[in-house]
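Okay, so here's the structure we're looking at.
The values are calculated or read from the model by the stated rules, or taken from the named source; none is laboratory data. Treat the numbers as computed from the prediction; the structure is a model and nothing was measured. Every residue, glycine as well, gets a Cβ built from its backbone with ideal geometry; the counts of neighbours run over all protein chains shown. Ligands, DNA and RNA are excluded from the accessible area calculation, which covers all protein heavy atoms including side chains. Shrake-Rupley method; radii C 1.70, N 1.55, O 1.52, S 1.80 Å.
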Amino acid sequence: MNYIKIFSPATVANVSCGFDALGLALETVGDTMTFTKTATKGVKITQITGADLPSNPQVNAAGVVALAMLEKHPVDFGIDITIHKGYTPGSGLGSSAASAAGAAFGVNQLLGDIFSPLELTQFAMLGEEATCGTPIADNVSAAIYGGFTLVRSYEPLSIVKIPVPADLRVVAIHPQVEVKTKDAREVLPKEVPLKDAVTQWANVGGLISGLYTNDYQLIADSLTDIIVEPARKHLIPHFDEVKQQAIKAGALGAGISGSGPTIFTLCRGDETAENVYKTIQNTYQDKQIDFNMILSKINTEGIKILEQH
């Protein structure tokens, strides 16, 4: 194979109760990337559209990943990469993760599909570290594995793919305000009362159990974050109102996607999802803040090949 074009999905990390441990992949939003073998060794990012990002491979999430992979598995060719950002960086929807995971997947295909999904996740984490300062795996694992993923352990890295109930939908609003990951991490509590920790990990267990058993009520009951959300929600304009109205309109739950400012909801079925979509849209319409809306199935496949030769 000399050329591959892929779709690398946007992701929702944390999913309320699973800070740095849970993620899910979206179907309708993501990056389109191409990878082409060249006679000149090394990695070049020849084009970036849709966002103003550095094309120097040593500081670009995709470039960092590609360079690390070629260092691990030297070859007698180089790779040219193009990136089309399908959504805004800094949205809380895993923008750097889509590029990093996409690079891990695309380069692996040109190398002859030699690395496992777990190894691809480890490479993609290097891109996250380069751009966000922390080698987190929740977004990149969701993009690579698809569906819901649980980062069960970081040392050693262990990823569990969780089944997705067929009627589950994601509705999200991305207010056009900036929330830096670094700032969103700085407001987090350094210590958590044991009682709160017990509540939180019980919710993670409940959410995963609900996903395995298609128990939508259990999913709804478990989508509660009593640790991170209270510390971060003031960074997102009108968060409480959006959450309240979404649940009133039938959403199973609502929370902050990644470090924000995107607010995500999980819904059962298309009709409820459309109702929640309209309700959130109406709630934000008069706030004098630009916003984008997303309605998506959960992408159970992860990164998709669009073209190859």
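I'm told Val59 meets every condition in (1) in contact with a helix residue (DSSP H, G or I) (Cβ under 8 Å, 6 or more places away or on another chain); (2) aliphatic (A, V, I, L, M); (3) open to solvent by less than 30 Å² (accessible area, probe 1.4 Å) except one. Can you identify the failing condition by its number?
It fails just one condition, (3).
Listed here are the residues, each with its yes/no results for (1) within 30 Å of Lys278 (Cα to Cα); (2) surrounded by 19 or more Cβ atoms within 10 Å (Cβ to Cβ); (3) modelled with pLDDT under 95.
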position	(1), (2), (3)
Leu126	no, yes, no
Thr134	no, no, yes
Tyr145	no, yes, no
Val151	no, yes, no
Gln176	yes, no, yes
Lys180	yes, no, yes
Asp183	no, no, yes
Glu186	no, no, yes
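Which of the residues belonging to segment 204-249 are aliphatic (A, V, I, L, M), closer than 20 Å to Ala172 by Cα and open to solvent by 30 Å² or more (accessible area, probe 1.4 Å)?
Leu235, Ile247
Within segment 257-273, how many residues turn out to be among the aromatic types (Phe, Trp, Tyr) and open to solvent by 10 Å² or more (accessible area, probe 1.4 Å)?
Total satisfying the criteria: 0.
Report, ordered by the first and then the second residue, all pairs with beta carbons closer than 7 Å, sequence separation of six or more or different chains, a first member in segment 245-270 that is more than 15 Å from Phe291 (Cβ to Cβ), and a second member that is assigned to a loop (DSSP other than H, G, I, E, B) and open to solvent by 20 Å² or more (accessible area, probe 1.4 Å).
Close Cβ pairs (under 7 Å, with a partner that is assigned to a loop (DSSP other than H, G, I, E, B) and open to solvent by 20 Å² or more (accessible area, probe 1.4 Å)) amount to Leu266/Leu252; Cys267/Gly250; Cys267/Leu252; Arg268/Asp167; Arg268/Leu252; Gly269/Asp167.
Tally the residues that are open to solvent by 30 Å² or more (accessible area, probe 1.4 Å), touching an Asp or Glu at 6+ places or on another chain (Cβ under 9 Å) and in contact (Cβ under 8 Å) with a residue 60 or more places away in the chain, restricting the search to segment 65-113.
So the count comes out to 2.
Please work out which residue is nearest to Val170 (Cα to Cα), limiting yourself to segment 4-24 and to residues that are part of a strand (DSSP E or B) and open to solvent by 10 Å² or more (accessible area, probe 1.4 Å).
First pass over segment 4-24, keeping only residues part of a strand (DSSP E or B): 4-13, 22-24.
Retained after the next criterion (residues that are open to solvent by 10 Å² or more (accessible area, probe 1.4 Å)): 5, 7.
Numbers: Lys5: 26, Phe7: 19 Å.
The extreme case among them is Phe7.
Quick one: what pairs do we get from segment 224-235, first residue acidic (Asp, Glu), second assigned to a loop (DSSP other than H, G, I, E, B), C-beta under 8 Å, 6+ apart or different chains?
Going by the 8 Å Cβ cut-off, the qualifying pairs are Asp225/Asn14; Asp225/Ser16; Asp225/Cys17; Asp225/Phe19; Glu229/Ser16.
Quick one: what pairs do we get from segment 133-148, first residue over 16 Å from Ser259 (Cα atoms), second surrounded by fewer than 22 Cβ atoms within 10 Å (Cβ to Cβ) and of a type in the set (Asp, Glu), C-beta under 9 Å, 6+ apart or different chains?
These pairs meet every condition: Gly146/Glu301; Gly147/Glu301.
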